[in-house]
Amino acid sequence: MSLLEIENLSLAIGGTPILKGVDLAIAPGEVVGLVGESGSGKSMTALTIMRLLPYLARAEGRVAFDGIDILGATEDQMCALRGDDIGMVFQEPMTALNPVKTIGEQVAEGIRWHTRANRAEAEDRARKILDRVGLPEAKFPLSRYPHELSGGQRQRVVIAIACALKPKLLIADEPTTALDVVLQAQILDLLRDLVRENRMGLLLISHDLAVVTEMADRLTILSHGEVTEAGDTARTLSEQQHPYTRELALASMHVPARPKPHLAGSAKPLLEVEGVGRDYPGRRISLFRPAQPISAVDDVSLTIEPAQSVALVGRSGCGKSTLARMILALDKPTTGTIRFRGEAITGKPESALRPARRDMQVVFQDPYGSFDPRQKVEKLVAEPLHLLERQPAKAERREMVAHALHEVGLGPRDMDKYPHEFSGGQRQRLSIARAIITRPKLVVADEPVSALDVSIRAQILDLFAELNQKLGIAYLFITHDLTVARAFADEVLVMHEGKIVERGRAAEVLDHPRSEPAQALVSAMPDLHRAIARRLQEQG
Amino acid sequence: MTAYFVKRLIIAALTLVLASMVVFAVMEILPGDPARLMLGLNASADQVEQLRNQMGLNAPLVLRYLHWAGGLLSLDFGRSYTYSVPVIDLVRERIAVSLPLALIALALSTIIAIPVGVFSASRQGRAGDTLAMGAAQLGVAVPNFWFALMLIYLFAVWLHLVPAGGFPGWSAGIWTALKSLLLPAVALALPQAAILARVARSALIEVLNEDYIRTARAKGLPYRAVLWRHALRNAMIPVLTILGLQFAFLLAGTIIIENVFYLPGLGRLIFQAITQRDLIVVESIVMLLVAAVILINLIVDFSYAVVDPRLRGRQ
């Protein structure tokens, strides 16, 4: 008998249909993957099972958990289920914990609530589950606050909260999307073990086919609120009967076509970074002793040739973004020099940096956060134009914006819209348009596709490749995602604890990593082909 | 934690010194010779000069400042020009009215505002919220003296529960004294509560959209428990900020209410001192209020750290 059965579930929020006739079942001890792009209704399916839907949501159909009719249950019944029989893990570990309560309080709270245990007993059990998820007492006493933990550690606390009472069903909504690949592999291992130990059902929600393939026995693919395909993971993905499944699988392995661009004549490097380091003041331990500085970037050297595309990969916190900020002259190195087109940009006053700023632009990760919501696209995309020697007239400016929009695949009519009228992928196109409007020689892109769905991400990667070819732009890609590096980079630099530990041609580094950090990254990277092959092999 | 405390303390002390310099300088610049004021228009220049010497007004500026500031530290504020009594005695009498009044008003305001804010936030956009916030809007808009008049009419004139005004002094018994402070405190508290409730509501609504609220709900806690245990404490920082500002206002900004109820409070004293050019009294009260505000801010800063562990730094 199934633990969870969803039949013909439809959901509307304020009259807008979100889910249409969704069917899904999970047996005890089974891992079911729910895959789909953003807005496909994955999270809403999860929140329906938890009955934590927004105020205006109306659900119809049947959701049965362990014989209980979820849609018809009273709020009291649901409170008894949540956290006890059904646990849930969320996507964003940085904000999922209450900042003013200790981790002990937060883990013990659910235990006390459901079991009526006294404080000491609850804390005892909280201690045990925290040990189990890999947060041992010596380093992580119950009195720690969330802000004292890293993202991966916080996600372990969230998992501890969800699994403290050995639920029959665990719902994990993109549990590793915000983490780097090494942490992702660790968290997935932990979830897999917990499922095995407790014969727990797991509903794993993800947009990442490779992750789901590694984890799930069966999978359900959602598109626009409807199930397009469901079934055994290996078979579904190897046969790829439904066109949408094929599309997803192709997009997630997409490599943009990139015939070698002819290098712009001279062998003079575009960017030279020499022995650059950046220290931050450390935390003072004593009033009388000076604090030890923390070195975020330590003696890094690299060069980028014109039109070359370089990927800087590393785990979160390794110093890649700090390095990028110094290259963009947004931060000053403590040591070393950075030269752009032969001219030093370190230690120069802001006024002398204008030419460098014009030729060097940036694309950020979050297409939602990097635009002022109250300004029109024309103004947003034209922003870097103030760096030009000669200020274009209004008509000319509109012309330039229209041209830039055209180059990224948007129309001139989009100029008079506001950012909220665009989808995530379109917004990332806007930020690329903003980056190329001054005809830069170098674009620094900080995780430019990691917030995007696979199909959009494939399109954006194609766009980057096309612009590289057409305009001869060099790229510095900063990413923890090796598929992006593999898809796109001529050269890969692996960064670890502030240092470059490995460098070489992309295929070489990714296929035969020599240093330990690079090996860790490569082996932790989920790979769709490998995962399918392994599943098929297991099933004979 | 200690570093945070020490830093705040040092900042507070420096602010106090700076403020005392500003107050002293302003009083120096203001026209009007205290000696002449005390002696009256018919005094001769000699007499005035003699008194100036006697009062130390002819000493160098720095010396006079140090003398004055030193006096402040030992609670010696000098003598009032008009009443010829030590300023400290005048002030002490008035604080005995103003401080309890402010505290009661603040307590009332908090007791009313927090539940209203929680109620409204948890029913955002529904009838109860609209009603409560409409009432709060009214509370902000209507001046407190009008509330005061209505309260007097209802509770004193009509129901005879409390006196309509005046203060019998604490020697008349704690209950009698408190009773005469009750109506003014309510009149002061209502508009403050209205502001505070709005702040609490918007802070709570913001917090209720946070991810950790969802985490708490997923644990199986009922909405109500999540609201009180998880949301409220996170919404306290803006509430505490407003509370601090309100307390400072309630200490000295209550002159209208003091007048409506014939209360001998600090507000009336400072008003009288200003009209009578009793500069030393003005100076002393201003300094006292500055000190009180700095102290309140210090308390607010410390309570931030109590509420939010992220402000404490690592132990």
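The values are calculated or read from the model by the stated rules, or taken from the named source; none is laboratory data. Here the structure is a predicted model, which means the values were calculated and not measured. Cβ atoms come from the backbone with ideal geometry, glycine included; neighbour counts cover every protein chain shown.
Quick look at the values:
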quantity: Residue, nearest to the other protein chains (Cβ to nearest Cβ), within the stretch B:201-240, restricted to residues that are part of a helix (DSSP H, G or I) and of a type in the set (Gly, Ala, Ser); calculated: B:ALA218
quantity: Residues that are in contact with a Pro (Cβ under 7 Å, 6 or more places away or on another chain), surrounded by fewer than 21 Cβ atoms within 10 Å (Cβ to Cβ) and closer than 23 Å to A:ARG457 by Cβ, drawn from the stretch A:471-525; calculated: A:VAL522
quantity: Inter-residue pairs, beta-carbon under 7 Å, first away from every other protein chain (no Cβ under 14 Å) and in the stretch A:44-61, second assigned to a loop (DSSP other than H, G, I, E, B), 6+ apart; calculated: A:ALA59/A:LEU53; A:ALA59/A:LEU71
quantity: Test: residue in the stretch B:168-188 that is crowded, with 17+ Cβ neighbours inside 10 Å, of a type outside the set (A, V, I, L, M) and either touching a residue at least 60 places away in the same chain (Cβ under 8 Å) or outside the structural domain of B:ALA113 (by TED's automatic domain parsing) (or both); calculated: yes
quantity: From A:PRO440, A:PRO517, A:PRO448, residue being assigned by TED's automatic domain parsing to the domain that holds A:VAL408, touching a residue at least 40 places away in the same chain (Cβ under 8 Å) and within 19 Å of the chain's Cα centre (by Cα); calculated: A:PRO448
quantity: Candidate set: the stretch A:181-217, residues that are more than 24 Å from the chain's Cα centre (by Cα) and of a type in the set (Lys, Arg); chosen: the one surrounded by the fewest Cβ atoms within 10 Å (Cβ to Cβ); calculated: A:ARG196
quantity: Filter result for A:ARG354 (among the charged types (D, E, K, R), part of a helix (DSSP H, G or I), closer than 23 Å to A:ASP490 by Cα and out of contact with any Cys (no Cβ under 7 Å at 6 or more places or on another chain)); calculated: no
quantity: Pairs, first facing chain B (nearest Cβ under 7 Å) in the stretch A:94-109, second surrounded by 20 or more Cβ atoms within 10 Å (Cβ to Cβ) and not in a helix (DSSP H, G or I), C-beta under 6 Å, six or more apart; calculated: A:ALA96/A:PHE90
quantity: Given (1) part of a loop (DSSP other than H, G, I, E, B); (2) more than 20 Å from the chain's Cα centre (by Cα), number of the condition B:PHE167 does not satisfy; calculated: (2)
quantity: Any strands (runs of 3 or more DSSP E) falling wholly within the stretch A:454-540 and containing at least 3 residues that are among the hydrophobic types (A, V, I, L, M, F, W, C) and at negative phi; calculated: A:474-479, A:491-496
quantity: Residue satisfying condition, being surrounded by fewer than 19 Cβ atoms within 10 Å (Cβ to Cβ), of a type outside the set (Lys, Arg) and within 23 Å of B:THR15 (Cβ to Cβ), within set B:VAL282, B:VAL290; calculated: B:VAL290
quantity: Residue match in the stretch A:307-327 (condition: in contact with a strand residue (DSSP E or B) (Cβ under 7 Å, 6 or more places away or on another chain), over 24 Å from A:PHE364 (Cβ atoms), of a type in the set (Gly, Ala, Ser) and not assigned by TED's automatic domain parsing to the domain that holds A:VAL181); calculated: no
quantity: Residue list for the stretch A:127-151, restricted to those being under 23 Å from B:VAL307 (Cβ atoms) and either of a type in the set (Lys, Arg) or at pLDDT 95 or above (or both); calculated: A:ARG144
quantity: Candidate set from the stretch B:53-87 (those that are closer than 17 Å to B:VAL23 by Cβ and β-branched (Val, Ile, Thr)); member that is surrounded by the fewest Cβ atoms within 10 Å (Cβ to Cβ); calculated: B:VAL62
quantity: Residues of the stretch A:288-299 classified as at pLDDT 90 or above and either buried (at least 24 other Cβ atoms within 10 Å of the Cβ) or touching a Phe, Trp or Tyr at 6+ places or on another chain (Cβ under 6 Å) (or both), total; calculated: 1
quantity: Condition met for A:ASP372 (among the acidic types (Asp, Glu) and in a strand (DSSP E or B)); calculated: no
quantity: Pair list, Cβ < 6 Å and 6+ apart or interchain, from the stretch B:135-160 residues that are assigned to a helix (DSSP H, G or I) to residues that are charged (D, E, K, R); calculated: B:ALA136/B:ARG198
quantity: Residue in the stretch A:139-147 that is within 14 Å of another protein chain (Cβ to nearest Cβ), crowded, with 23+ Cβ neighbours inside 10 Å and within 26 Å of the chain's Cα centre (by Cα) present; calculated: yes
quantity: Checking A:ARG132 against (1) away from chain B (no Cβ under 14 Å); (2) free of Cβ contacts under 8 Å to residues at least 24 places away in the same chain; (3) out of contact with any helix residue (DSSP H, G or I) (no Cβ under 7 Å at 6 or more places or on another chain), the condition it does not meet; calculated: (2)
quantity: Yes/no for A:GLU389 being surrounded by fewer than 22 Cβ atoms within 10 Å (Cβ to Cβ), in contact with a helix residue (DSSP H, G or I) (Cβ under 9 Å, 6 or more places away or on another chain) and farther than 15 Å from A:ARG358 by Cβ; calculated: no
quantity: Filter result for A:ARG413 (part of a helix (DSSP H, G or I), over 19 Å from A:ALA465 (Cβ atoms) and not hydroxyl-bearing (Ser, Thr, Tyr)); calculated: yes
quantity: Pick from the stretch A:13-41, criterion among the β-branched types (Val, Ile, Thr), over 25 Å from A:ALA251 (Cβ atoms) and in contact (Cβ under 8 Å) with a residue 12 or more places away in the chain, ranking: surrounded by the fewest Cβ atoms within 10 Å (Cβ to Cβ); calculated: A:ILE13
quantity: Residue list for the stretch A:63-84, restricted to those being touching a residue at least 60 places away in the same chain (Cβ under 8 Å) and either more than 9 Å from chain B (Cβ to nearest Cβ) or of a type in the set (Ser, Thr, Tyr) (or both); calculated: A:ALA64, A:PHE65, A:ASP66
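Residue by residue, here is whether (1) surrounded by 19 or more Cβ atoms within 10 Å (Cβ to Cβ); (2) in a loop (DSSP other than H, G, I, E, B); (3) of a type outside the set (D, E, K, R); (4) touching a Lys or Arg at 6+ places or on another chain (Cβ under 7 Å) holds:
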{"position": "A:SER43", "(1), (2), (3), (4)": "yes, no, yes, no"}
{"position": "A:ALA46", "(1), (2), (3), (4)": "yes, no, yes, no"}
{"position": "A:LEU52", "(1), (2), (3), (4)": "no, yes, yes, yes"}
{"position": "A:ASP76", "(1), (2), (3), (4)": "no, no, no, no"}
{"position": "A:ALA80", "(1), (2), (3), (4)": "no, no, yes, no"}
{"position": "A:PRO93", "(1), (2), (3), (4)": "yes, yes, yes, yes"}
{"position": "A:LEU97", "(1), (2), (3), (4)": "yes, yes, yes, yes"}
{"position": "A:ILE111", "(1), (2), (3), (4)": "yes, no, yes, yes"}
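The rows are residues; the columns are (1) hydroxyl-bearing (Ser, Thr, Tyr); (2) touching a residue at least 60 places away in the same chain (Cβ under 8 Å); (3) crowded, with 18+ Cβ neighbours inside 10 Å; (4) more than 14 Å from chain A (Cβ to nearest Cβ).
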| site | (1), (2), (3), (4) |
| --- | --- |
| B:ALA248 | no, no, yes, yes |
| B:GLY267 | no, yes, yes, yes |
| B:GLN276 | no, yes, no, yes |
| B:ASP301 | no, yes, yes, yes |
